[in-house]
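Here's the structure, in structure tokens; my notes come after.
The values are calculated or read from the model by the stated rules, or taken from the named source; none is laboratory data. What you see is a predicted model; the values in this text were computed from it and never measured. With ideal geometry, Cβ positions are generated from the backbone for all residues, glycine too; neighbour counts draw on all protein chains shown.
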Amino acid sequence: MSRLFTQKHAWGVAALASIATVLSIFAHWEPRFPGDLRLTLLVQSAHSTALDSIMKWVSFLTGDWRAILLAAAGGLVVWRCLGRREGALVLTTWLSAPIHSVLKLLVNRPRPTPELVRVLQDAPGNSFPSGHAFFAIAFWGLLAYFAWTRLPSWPLRVLAFSGCGIIILLIGSSRVYLGAHWPSDVIGGYIFGALLLLVLICLDRMWRAHCDTQTPDEPDHTDNQPGLLPGNSAQ
């Protein structure tokens, strides 16, 4: 059973890695994909002062060094609630920061410009993939996975899972709304984040399967009871 599980998820990792590679190659040659500009203008058409502030705060709280702090705080909470291994996996999501930085250097895609869209946040560096979206999928996706597989209450599971999903979508849409990324940058971040998330889920499942196989059977104390050993039966 564990071998089938490993093979199934290995195929999933390979498929996501292939999609991410192809998307990165195209992003290297194309400053934006067909539909990027139209979708960005559509997202930005519903702008308001209040929505501007909300989107700026969403991006601020989940970007740069604050993402690392969030991963550390989340890892500590999960460690106290679920266990050391689960907390370590949540902490590992900070790896999205150095990974997406390297990917941005390799792809070297420019960010949207004020001549094309409303740029409400001048972000440094290159555009593909979105680091915010990368971290959102890895961190909030892992929390959603733990909520779905660990929480005993069905309504609580649905509530926590849905909440994490809303946060992921809000973070991705905020990057497009602020003019910091094209939609394809966000999609690329989601795909790379899903790749990291799947690897972490596989590690969790393998650890749990290993612990299950290492759990000793309950000892049979009947044979050790006085007067019940062979040859010592009551007369």
* Looking at this structure, is Leu76 in a helix (DSSP H, G or I) and over 27 Å from Ala20 (Cα atoms)? -> yes
* Asked: Just checking, which of Leu69, Leu37, Leu91 is more than 20 Å from the chain's Cα centre (by Cα) and modelled with pLDDT of 90 or more?
  -> Leu37
* When you scan the range 20-38, how many residues do you find that are surrounded by 15 or more Cβ atoms within 10 Å (Cβ to Cβ) and touching a helix residue (DSSP H, G or I) at 6+ places or on another chain (Cβ under 6 Å)? -> 6
* State yes or no: is Gly75 surrounded by 13 or more Cβ atoms within 10 Å (Cβ to Cβ) and in contact (Cβ under 8 Å) with a residue 12 or more places away in the chain? => yes
* In the range 92-120, what residues are farther than 13 Å from Phe134 by Cβ, touching a residue at least 24 places away in the same chain (Cβ under 8 Å) and among the polar types (S, T, N, Q)? -> Thr92, Asn108
* Can we say Gly83 is among the small types (Gly, Ala, Ser) and at positive phi? -> yes
* Determine if the range 205-225 includes at least one residue that is at pLDDT below 95, surrounded by fewer than 21 Cβ atoms within 10 Å (Cβ to Cβ), polar (S, T, N, Q) and under 21 Å from Arg80 (Cβ atoms). => no
* **Scan of the range 40-66 for residues that are assigned to a loop (DSSP other than H, G, I, E, B), over 26 Å from the mean Cα position of the chain (by Cα) and either under 22 Å from Ser101 (Cα atoms) or in contact (Cβ under 8 Å) with a residue 24 or more places away in the chain (or both), ordered by number** => His47
* **Top-ranked residue of the range 43-65 - restricted to ones that are surrounded by fewer than 12 Cβ atoms within 10 Å (Cβ to Cβ) and not aromatic (Phe, Trp, Tyr), ranked as nearest to Ala133 (Cα to Cα)** => Ser53
